[in-house]
Amino acid sequence: MRWLVGIVLALVLAKPAHACGFWTLVDAEKKLEVGWLVNAGTVTKGEKRLANMYLDIDAKTGVRVAADHKVVFDVRNGKVLRYGEAIGKVDGDTVTIGKHVYTIEFTEPSFEKGLDDIHILSWKLAVHRGDDVIITAAKASSLCAALRKGGMTDAEQQDEVRRRVVFYLAWRERGM
């Protein structure tokens, strides 16, 4: 009988988990997709998983990619780093990795009401290489905004999205 009371209490007192969301980056050129969760990105081609990018969302300098207690990708002082070595640069929405120059375009901003009345900003996103749009996302958003007490500014949210795109571009060009 005690177990029955325990089950009933658990059901009555249960609260839904605070999920933060998911968005997809589509690379039409390479026919790849990146599914972004709050702390990870998974690169797939069809049903085949090609890579996982685990995010350190607690780093004081901003979101970065880590594996086996090492920082894999980071953005610091305008440089794109892979295992601490500069492989490119970021200047606003322009990303250069090797000989490739990409431009990240944020359009159609919209707000959605998240849990605990936190407003999450999202954008339609396009990544250009020259005149070609090679990567898109219908609703790119900061997935950490809901986790941060007091939320994040619009600029901080956009920086998080930009970093996720930069990490994918770095992986696309150099691998893990």
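The values are calculated or read from the model by the stated rules, or taken from the named source; none is laboratory data. The model shown is predicted, which means the values in this text are computed figures rather than measured ones. Please note: Cβ atoms are built from the backbone with ideal geometry, for glycine as well, and neighbour counts cover all protein chains shown. Each accessible area value is taken on the protein alone, full model and side chains, heavy atoms only, with ligands, DNA and RNA left out. Shrake-Rupley method; radii C 1.70, N 1.55, O 1.52, S 1.80 Å.
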**Asked** Would you pick out the residues in segment 155-176 that are open to solvent by less than 10 Å² (accessible area, probe 1.4 Å) and closer than 9 Å to Ser142 by Cα?
**Response** Gln157, Glu160, Val161
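Residue-by-condition table, conditions (1) on the phi < 0 side of the Ramachandran plot; (2) basic (Lys, Arg); (3) at pLDDT 95 or above; (4) under 15 Å from the mean Cα position of the chain (by Cα):
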{"residue": "Gly6", "(1), (2), (3), (4)": "yes, no, no, no"}
{"residue": "Leu11", "(1), (2), (3), (4)": "yes, no, no, no"}
{"residue": "Asp27", "(1), (2), (3), (4)": "yes, no, yes, yes"}
{"residue": "Val38", "(1), (2), (3), (4)": "yes, no, no, yes"}
{"residue": "Val65", "(1), (2), (3), (4)": "yes, no, yes, yes"}
{"residue": "Lys79", "(1), (2), (3), (4)": "yes, yes, yes, no"}
{"residue": "Tyr83", "(1), (2), (3), (4)": "no, no, yes, no"}
**Output for segment 72-91, where each listed residue is in contact (Cβ under 8 Å) with a residue 12 or more places away in the chain and of a type in the set (A, V, I, L, M, F, W, C)** = Val72, Phe73, Val75, Val80, Ile87, Val90
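For (1) of a type outside the set (S, T, N, Q); (2) within 21 Å of Gln157 (Cα to Cα), each residue gets a yes or a no:
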site: Val38; (1), (2): yes, yes
site: Thr44; (1), (2): no, no
site: Arg49; (1), (2): yes, no
site: Met53; (1), (2): yes, yes
site: His69; (1), (2): yes, no
site: Val75; (1), (2): yes, yes
site: Val80; (1), (2): yes, yes
site: Glu85; (1), (2): yes, no
**Filter result for the condition that a residue is at pLDDT below 90, farther than 21 Å from Trp171 by Cβ and open to solvent by 40 Å² or more (accessible area, probe 1.4 Å), over Lys139, Lys149** = Lys149
